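The values are calculated or read from the model by the stated rules, or taken from the named source; none is laboratory data. Computed from a predicted model, the values in this text were never measured in an experiment. Here the Cβ positions follow ideal geometry from the backbone for every residue, glycine too, while neighbour counts run over all protein chains shown. Just so you know, the surface numbers come from the protein's heavy atoms only, side chains and all, with ligands and any DNA or RNA stripped out. Shrake-Rupley method; radii C 1.70, N 1.55, O 1.52, S 1.80 Å.
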Amino acid sequence: MASVRLFRLNSVLRHRLLSRTLLSLSNRCVEKLNRLSEDGEFLRVTVEGGGCSGFQYKFAMDSKVDEDDRIFERDGAKVVTDDVSLDFINGATIDYEEELIRSSFRVVENPHASRGCSCGASFSLKEDQ
Amino acid sequence: MFPLRRSFIRLRGPAAAVVRGCELTKLSSRAVVRVTGPDSASLLQGLITNDIHVSSSPFYAHFLNVQGRILYDALVYRSAAAEAEAAYWIESDATVRDELVKHLRRHKLRKKATIIEGDKDDEEYVVVAQITAGDVVPLAPLVAAGGVDPREESLGHRFIVRRKDVNDLVSNNNEEDDYHLLRYSLGIPEGVIDLPPGKCLPLESNLVYVNGISFQKGCYVGQELTARTHHTGVIRKRLVTVYIDDDDDAVMLPAPDAPLTTDPGGGKSVGRMRGSAKGGKWGLALLRVNALVKEGRIYGTSQTSDRQVVVRMKTPKWWPPPL
């Protein structure tokens, strides 16, 4: 009867519960964010046009949530994205990778993305291939 | 002196800013798109081969696909009007203008930029070329944007003007054929017949020599293959001017995409034909660089008959020597 319970919840909470499945945060991402963010800050993920494969991910720390934003939380770490960008990344995981060449947040296992550029910042859509 | 065309006599007032004797050619093969808004430069910068911030106006650039193949070739103009926001005019082949608009809209996402087709604008805009040597006075205030053709000096100047103003200045359209003839003799590709979308590579199309690419700028669609080829690869084929050295009207260059070979009707393939000017005497072909070095004759089938024709090659004067 979980579905009946869901229906009775108020719309904000329901929105948040449904959102949780759309974007996953990896353990490394949560750890890094909890260490990094100051009060009220979260990681904003945006998809922009351009970049060597057609679209690119942009990461920035932010503290202002807009009307068209969706919030994803786990263990105190918050990631926010707008509804346009979410269309390109829903189902993906936000990860934090530390390598010799760089340490950065990455969008991984994006079901929409096909080939990407070798630095991982840019991707193209499956329907383009 | 310069023959004054009949239409010139009618001009008075602002239109009299036109200098005497200039040959204005309306280019119906090209169409215009306008991009405005604070993010317009950023939108274009991620999609084109050239650097929008350091280039002249107009500058030449290609839009590539993800695989590094050319989609559209374009001249990009910065708007001449002193506007609060940046505005750019993009001139492309008229037949793919709508695809270009779709391509821009697809990558716009949340950027604050507006994309307006040149004929859905308040006034319809067209492209005009001015290829006479000598003093040139810009057609201000009729010109929305314009400047020296960035690809090759001999192509003169290029302007974006309102269609209703052009009809006063250009009495007939035959000169467009002359423009293309000049362009082919100089070895400059333009449009989808010379650069079939999705099939050709920018460096093979001599983009470097027509000043259409920057290797100092950041990521744009298709950059990976292009930068890698430039820095580490070898370019084995290039677009070369080809011509027929025969006055017979039936002897013309082959049709676009027709093969060119070492022997009449057979032999080894040395490349493929691209576009040619009206009359079929001058055109462009994508040829193996080896074929150029050997300086042999190449053969193909005339586009209007089945005759085998001898195709001569000419490397343009603006190519650097060791090619």
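Quick look at the values:
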| item | result |
| --- | --- |
| When residues of segment B:101-114 are limited to those that are out of contact with any Leu (no Cβ under 8 Å at 6 or more places or on another chain) and outside any loop (DSSP other than H, G, I, E, B), the one nearest to the other protein chains (Cβ to nearest Cβ) | B:106 |
| Qualifying positions in segment A:78-114 - farther than 24 Å from residue A:40 by Cβ, within 10 Å of another protein chain (Cβ to nearest Cβ) and crowded, with 17+ Cβ neighbours inside 10 Å | A:88 |
| Selection from segment A:51-72 of residues that are more than 14 Å from chain B (Cβ to nearest Cβ) and assigned to a loop (DSSP other than H, G, I, E, B) | A:63, A:64, A:65 |
| Residue list for segment B:10-51, filter: part of a helix (DSSP H, G or I), at pLDDT below 75 and open to solvent by less than 40 Å² (accessible area, probe 1.4 Å) | B:15, B:17 |
| Tally, over segment B:52-77, of residues that are in a loop (DSSP other than H, G, I, E, B) and of a type in the set (Ser, Thr, Tyr) | 3 |
| Subset of segment A:61-74 (residues that are open to solvent by 50 Å² or more (accessible area, probe 1.4 Å) and within 19 Å of residue A:106 (Cα to Cα)) | A:61, A:70, A:73, A:74 |
| Residue count for segment A:56-73, restricted to those that are more than 13 Å from the chain's Cα centre (by Cα) and hydrophobic (A, V, I, L, M, F, W, C) | 1 |
| Residue tally, condition within 18 Å of residue A:66 (Cα to Cα), part of a strand (DSSP E or B), away from chain B (no Cβ under 14 Å) and not aliphatic (A, V, I, L, M), over segment A:22-50 | 1 |
| Breaking point among (1) loosely packed, with under 15 Cβ neighbours inside 10 Å; (2) over 30 Å from residue A:116 (Cα atoms), for residue B:283 | (1) |
| Cross-chain or 6+ apart pairs with Cβ under 9 Å, segment B:244-263 first and modelled with pLDDT under 85, then among the hydroxyl-bearing types (Ser, Thr, Tyr) | B:249/B:304; B:250/B:302; B:250/B:304; B:250/B:305; B:263/B:299 |
| Spans of strands (runs of 3 or more DSSP E) in segment B:182-280 with at least 2 residues open to solvent by less than 50 Å² (accessible area, probe 1.4 Å), closer than 27 Å to residue B:31 by Cα and away from every other protein chain (no Cβ under 14 Å) | B:237-243, B:266-276 |
